[in-house]
Amino acid sequence: MKAITIKGMTFGIIAGLIVTLFDGLFMLVPNVYVPSSYPILLITFNTIFWITVGGLSGLVMWVFARNRKDLNEKESFYWIFFFLIPFTVIYGLLGRLFIPLASTAVKTASPVFDHHLSFVWVFLMLLFSLAFKRRVPANESLVIFFIPEIATSIALFTFCSNISKIPIISKCIHYLFLQDTQPSYNAYLTMFEKFLILPYAIGVFSILGFYLLAFLKIKFLKRKRNLVVIVLFLMTSLSLAAHFIVNHNRFAKHNYPSTTTKQTSGTKKISYVILIVLDTVRADRLSIYGDSHSSTKNLESIAMDSLVFENCIASSPWTTPSHASLFTGFYPSEHGSVNNLNSKARSDIMLSTPLAEEFLTLAEIFKNNSYKTGAVVSNFGALNKMFRINQGFQIYDATRNIGNIYRLYPFRPIVHLFSHATNIYPKYIIPYRTADDINKETFRALNKLIPSPFFLFINYMDAHDPYCPPRPFNSYFSDTAFPQLYRLRKKVVSFFKMRDKKSWDSFLLSQYDGEIAYLDHHLGKLFSKLKELEIYDSSLVIITSDHGELFGEHGLYFHGTPMYEGVVKVPLVIKFPFSRRVGYEKRMITLADLYPTILSICDLPVPDGISGKSFGNGSMPIVSELNNYRIGEHRILYDGQYKYMTYQHQRKSELYDLKKDPSEKLNLSEKLPVITAAMNKKLKEWIKKHKPRHDKYKDREAIILSQDVVEGLKALGYISDGELEKFKPPLKGYKSIPYENQ
């Protein structure tokens, strides 16, 4: 038994190393950030997992064949049944198994191009192996004898499933056959898949051809089992190291070009300006706004040195238009970076038009005034360079995380499924970079920017769906000691439509709060780094959010929804240099107001004609906007204690007295018709005053995005599966390269 079990474990070592050799190739996917822990976890997990499988296979084989006299003669035949076939089945199924993340985003995996035909190729290979390997000569190493089958199975599953995602193949097809066409998105995909058939056939026959060649030549290895294991280990380790180095060198070259600024005489009023956006963080979940159960000690600490605004309103309930307002000082209807309202579409597509180049952004003003400018962005989808929020930034790092391959690739390393099931390194299933990795790149950016005056924008995204905080933060606010087991159990229950909505909403909120606690932990590390660099005291630090999140209030979830308080009321903390102003400010302010506020604090010129007001203006109504296909143009207006909500269609207007009814449970629009009419009049006057300022894009309804951007928006929940029916071709002269990473 011992000898057979050890032999099975040796099979497992060989399989684990070959699997890792192929899994490491995902580190070469363009525009993907690979954390330093990933290659280590990859080889560790694969080795342990397949050693376990091999050992169990050997044990089962011993139980089955221990009394058989033909064991020695037909040992290879038995190993095919007890290890090789289980290996291919487990590897093939687990590599494709996709457990949806517990949220509105990332519901399904990308479809497999060959409809699982790779199982047929692997089955045929195994039949061939059974026919010709029933007997192995006594002088041959049995473990080495099965290397071709193991490697061929892995190659077939990986290639056949992911062929449509292989960059070099997709680029060649696009440039050779499709670059001059301008079909709709779905038509483009159909044409693309037709051209994939040829490289698919070539690839399959090439892999099987190499298998036959290896099958014929493997006999020359003879009793080199230990040497083969050592060589495989060295090959795997070196390839992982090489892939990691290539990834980070390419990452640094792409995102961190050399930065220069024109030198001017004199000193600046404020040399260091840091704008931090906590993506998807609603104000009422932070202790600085009275939430007693939250764990945001580091935010409390910086709030003591800062001016805290109690009534900051997002310009829109989703990322792109809110950031466009933040960086231009205009409202969404003015800057035009809003959702698609194509009347021919039949879905709620959250697709924003790029920001017009004629707008002068915050980064451009700082750059024009001799500041170095840099940005480290977690939201790679809605803040992709294609939307032009990056105007004026010399460093703009908006890279997706390695976890994005969990959703993007139909067949992916099993370690991602392991991370999902155990919540160990959950970053490996999350498409965006988590706060610890954003901090690493922020520190790298600071090294590039200091000692020059700089403007640095940091976007953290941890509070965004799918709410998978790492341990121990996932259990901070949860009633269960094992949140991940609870999450998986609820998914099984929901399959039978038996989920308890109230308890599930409470659980999601607990995980959201855990993400905020995790984010606060790493904000503390950022502040410590600024103090270590001796720039904390002299820096202007602005902390805010682009929008909030709903957890069942008014029957709504996520964001990009009707604009109730949970999705539009966001935090705003401004730490002046040397804490010149501290305390709490009750006046209302919107994200568009931050544009002139930041410039005025820095004593920089504020462009004429912008709509934002420095530090807000209590006498002016505050408006937020959303373009949404189902409800049309949706706006809210704050005036005094009242909040007025209008919709283009499907929903009636709403009026709330926030002083008496902060939870917005009582709609007063019919009970207070005079006030409703007055609010409606003010909103119409506001609309007349705030006309579009984006003539170049005024008549544009949508754009064709690259597949990389589309997949990013889908992964983050901004575009749902099946909601890409009709995208218009790009405007003449506008660069749009589907299937190429931006």
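The values are calculated or read from the model by the stated rules, or taken from the named source; none is laboratory data. Just so it is clear, the structure is predicted and the values come from calculations on it, not from any experiment. As a convention, Cβ positions derive from the backbone with ideal geometry for all residues, glycine included, and neighbour counts pool all protein chains shown. All accessible areas refer to the heavy atoms of the entire protein, side chains included, with ligands and DNA or RNA removed. Shrake-Rupley method; radii C 1.70, N 1.55, O 1.52, S 1.80 Å.
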Could you go through segment 67-89 and let me know if any residue there is open to solvent by less than 10 Å² (accessible area, probe 1.4 Å) and at pLDDT below 80. yes
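Can you name the residue in segment 509-547 that is assigned to a helix (DSSP H, G or I) and polar (S, T, N, Q) and is also farthest from Val281 (Cα to Cα) among such residues?
Ser528
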Contact list please: Cβ distance under 7 Å, first residue in segment 283-305 and without any contact (Cβ under 8 Å) to a residue 24 or more places away in the chain, second residue buried (at least 17 other Cβ atoms within 10 Å of the Cβ), pairs at least six apart or on different chains. Ser287/Ser294; Ser287/Thr296; Asp291/Arg285; Glu300/Ser287; Glu300/Ile288
Looking at segment 352-400 only, could you name the residues that are among the basic types (Lys, Arg) and either open to solvent by 10 Å² or more (accessible area, probe 1.4 Å) or over 21 Å from the mean Cα position of the chain (by Cα) (or both)? Lys367, Lys372, Lys385, Arg388
Arg580 is checked against (1) among the charged types (D, E, K, R); (2) under 21 Å from Ile636 (Cα atoms); (3) without any contact (Cβ under 8 Å) to a residue 12 or more places away in the chain and fails just one. What number does that condition carry? (2)
I need every pair where a residue in segment 634-652 that is farther than 18 Å from Ser663 by Cα and at pLDDT below 95 has its Cβ under 8 Å from the Cβ of a residue that is assigned to a loop (DSSP other than H, G, I, E, B) and open to solvent by 70 Å² or more (accessible area, probe 1.4 Å), sequence separation at least 6 or different chains. His634/Gln648; Gln650/Arg630
Tally of residues being basic (Lys, Arg) and within 12 Å of the chain's Cα centre (by Cα) across segment 424-448: 2
Picking from Leu530, Leu572, Leu550, Leu526, the residue that is of a type outside the set (S, T, N, Q), modelled with pLDDT of 95 or more and touching a helix residue (DSSP H, G or I) at 6+ places or on another chain (Cβ under 7 Å) would be Leu526
Looking at Lys529, is it basic (Lys, Arg), within 26 Å of the chain's Cα centre (by Cα) and open to solvent by 10 Å² or more (accessible area, probe 1.4 Å)? yes
Within segment 16-70, residues out of contact with any His (no Cβ under 6 Å at 6 or more places or on another chain) and small (Gly, Ala, Ser) come out as Gly16, Ser36, Ser37, Gly54, Gly55, Ser57, Gly58, Ala65
Residue count, segment 6-16 (criterion: open to solvent by 30 Å² or more (accessible area, probe 1.4 Å) and at pLDDT below 90): 2
Looking only at segment 277-284, decide whether some residue is modelled with pLDDT under 95 and surrounded by fewer than 18 Cβ atoms within 10 Å (Cβ to Cβ). yes
Across segment 184-240, what is the number of residues that are buried (at least 17 other Cβ atoms within 10 Å of the Cβ), of a type in the set (Gly, Ala, Ser) and modelled with pLDDT of 90 or more? 1
Only one of (1) among the aliphatic types (A, V, I, L, M); (2) open to solvent by 10 Å² or more (accessible area, probe 1.4 Å); (3) at pLDDT 90 or above does not apply to Ile313, and that is (2)
When Met61 is evaluated against the numbered criteria (1) at pLDDT below 90; (2) hydrophobic (A, V, I, L, M, F, W, C); (3) surrounded by fewer than 22 Cβ atoms within 10 Å (Cβ to Cβ), which criterion, by number, is the only one it fails? (3)
Of all residues in segment 17-40, count the ones that are open to solvent by 20 Å² or more (accessible area, probe 1.4 Å) and within 28 Å of Asn384 (Cβ to Cβ). 6
Within segment 605-652, considering only strands (runs of 3 or more DSSP E) that don't extend past its boundaries, which have at least 1 residues that are closer than 24 Å to Leu360 by Cβ and open to solvent by less than 60 Å² (accessible area, probe 1.4 Å)? 622-628
Which condition from (1) over 30 Å from Asn339 (Cα atoms); (2) among the aromatic types (Phe, Trp, Tyr); (3) in contact (Cβ under 8 Å) with a residue 12 or more places away in the chain is the one that Tyr536 breaks? (3)
